[in-house]
Amino acid sequence: MHIPLLSSLFLSPLDALHSLSNKLVYALFASTPFVPRGEYLLGLGIADITGPVVETNMMGYASLAQTATGLHMRQRGRAFIVTERTSPTDRILFINADIAMGDSGIRRALLAALAEEYGEGTYHAGNVALVGTHQHSGVGGYLENLLPQITSRGLHPQTLSAILSGTLLATRRAHTSLAPGSLALGTGRVENGRY
């Protein structure tokens, strides 16, 4: 079984999930032997997670002067589900959200909501990863730790609610769109890139 091998890497401690980078996840998928086309069920979902965008502090630079004054681009949550067709209960839910970083509090609330909606066994601590795109231009006030709350001028329930509800909607869309598919890894060269 390929999926259980991958899902075992997403077990506790929960904080380890937050340190995973996209490159590591890609490397995990690239190093996994793939089965023929159509042997996987893949689900993709996207939803808006933008919170309040005016007169609230932004997350990332720890600057009280960095206050949002409007909207340039909406923030999104993207959910990816991968499961083997022969074992659809063994699955991975990978959520990439346009936030500075994932948070244990958001993850716990998300897991509770997923358990309520899909039952205890479908999505759980062992198969759900939440990461942020690590941007510094989104609204703050969603992290449960004290220091980020100080620089975001406290916890903002509207921001937290927008992230949770949007992430849940993206997951619902991914769950309902599960269909046979294949995974592949592509490589290429970016000309005139900076890094």
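Annotation: N57 fulfils all but one of (1) within 17 Å of E144 (Cα to Cα); (2) of a type in the set (S, T, N, Q); (3) surrounded by fewer than 14 Cβ atoms within 10 Å (Cβ to Cβ); the unmet one is (3). Residue count for the stretch 96-127 under the criterion of being buried (at least 20 other Cβ atoms within 10 Å of the Cβ) and β-branched (V, I, T): the result is 2. Sub-7 Å Cβ pairs linking a first residue in the stretch 103-126 that is of a type in the set (D, E) to a second residue that is at pLDDT below 95, at least 6 apart or interchain, are D103/Y142; D103/L143; D103/E144, ordered by first then second residue.
Residue count for the stretch 98-121 under the criterion of being part of a loop (DSSP other than H, G, I, E, B), within 14 Å of the chain's Cα centre (by Cα) and not acidic (D, E): the result is 4. Is the stretch 110-131 home to any residue that is under 15 Å from I49 (Cβ atoms), touching a Gly at 6+ places or on another chain (Cβ under 9 Å) and at pLDDT below 90? Scanning the stretch 110-131, I find no residue that is under 15 Å from I49 (Cβ atoms), touching a Gly at 6+ places or on another chain (Cβ under 9 Å) and at pLDDT below 90, so the answer is no. Test L183 against the criterion of being crowded, with 20+ Cβ neighbours inside 10 Å, over 25 Å from T56 (Cβ atoms) and in contact with a strand residue (DSSP E or B) (Cβ under 9 Å, 6 or more places away or on another chain), and give yes or no. Here the answer is no, as L183 does not meet what is asked. Confirm whether A162 is over 24 Å from D90 (Cα atoms) and part of a helix (DSSP H, G or I). So A162 fits the description; yes. Residues that are buried (at least 20 other Cβ atoms within 10 Å of the Cβ) and under 19 Å from I95 (Cβ atoms) do not occur anywhere in the stretch 145-155.
Of all the residues in the stretch 153-192, those that are closer than 16 Å to G102 by Cβ and either touching a Phe, Trp or Tyr at 6+ places or on another chain (Cβ under 7 Å) or not β-branched (V, I, T) (or both) number 8.
The values are calculated or read from the model by the stated rules, or taken from the named source; none is laboratory data. Note that the structure is predicted; figures quoted are calculated from it, not measured. Positions of Cβ are generated from backbone atoms using ideal geometry, with glycine treated the same way; all protein chains shown enter the neighbour counts.
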